[in-house]
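This report concerns only the one structure given below.
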Amino acid sequence: SGIAAKYQNLCSSCHGVEGKADSPTAMALNPKPRSFVDTKWQASVTDEHIGNVIRKGGAAMGLSATMAPWSESLISDSELVELIQYIRAFGQTNED
């Protein structure tokens, strides 16, 4: 789908193809990128927070400055909603 491709292009190099933050780039970063399969983190944040981090970047949100802000030119508002849902889905997949 379009949003999966967008995730691959913008997010997966740091957050991992499966959202586990286990890519070579992720291993080199300090602090490590967020793992989206972390259900405790998923439960602790709102969709609005995730959207703000994507739009404003990590530094603006008190998080890692290595998280770049993604502008409207890269992700439309409707894609942002889809991307948040895509990120949320990673937290649903690791149930035992």
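Based only on Cα atoms, what Rg/Rh ratio does the chain have, Rh being taken as Kirkwood's radius?
Looking at the chain, the ratio lands at 0.93.
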- Quotient of Cα Rg and 2.2 N^0.38 Å for segment 1-56, N being how many residues it contains: 1.13
- Item | Hits among lysines - C-alpha to C-alpha of Lys20 under 18 Å, sequence gap 8 or more where chains match | Lys6, Lys32, Lys40
- Just for the Cα atoms in segment 41-96, what are the lengths along the principal axes, largest first, rounded to whole Å? 37, 25, 16
- Task: Could you state the accessible area per residue of the chain in Å², with a 1.4 Å probe and every protein chain left in place?
- Result: 59
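Helix-derived [θ] at 222 nm for the chain: sum -39500 (n - 2.57) over DSSP H runs of at least 4, divide by residue count, nearest 500? Kindly include the intermediate steps, with their values, before the conclusion.
Details: 6 runs with 48 residues, N = 96.
After summing the helix terms and dividing by the residues of the chain, the value is -13500 deg cm²/dmol.
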- Accessible area in the full protein assembly, largest first, 1.4 Å probe, for Ser78, Ser12: Ser78, Ser12
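Please get the size of the charge dipole for the chain, origin at its Cα centre, with Cβ charges of +1 on Lys and Arg and -1 on Asp and Glu, quoted in debye to the nearest 20.
Details: 8 positive and 11 negative charges, 65 e Å.
So the magnitude is around 320 debye.
Nearest 0.05, what FRET efficiency do Ser44 and Lys20 give at R0 = 25 Å with Cβ-Cβ as r? Before the final figure, lay out the partial values.
Numbers: r = 18 Å, r/R0 = 0.71.
Computed FRET efficiency for Ser44 and Lys20 comes out at 0.90.
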- Query: For the chain, what % of the accessible area comes from carbon and sulfur atoms, probe 1.4 Å?
  - Reply: 55
- Sequence of Lys6, Lys56 from largest to smallest accessible area, 1.4 Å probe: Lys56, Lys6
- Correct response: the longest run of the chain lacking exposed GluC sites (Glu not before Pro), defined by DSSP loop and at most 16 other Cβ within 10 Å, is 19-71
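The values are calculated or read from the model by the stated rules, or taken from the named source; none is laboratory data. Note that the structure is predicted; figures quoted are calculated from it, not measured. As a convention, Cβ positions derive from the backbone with ideal geometry for all residues, glycine included, and neighbour counts pool all protein chains shown. When the accessible area is computed, the model is the full protein with side chains, heavy atoms only, and any ligands, DNA or RNA have been set aside. Shrake-Rupley method; radii C 1.70, N 1.55, O 1.52, S 1.80 Å.
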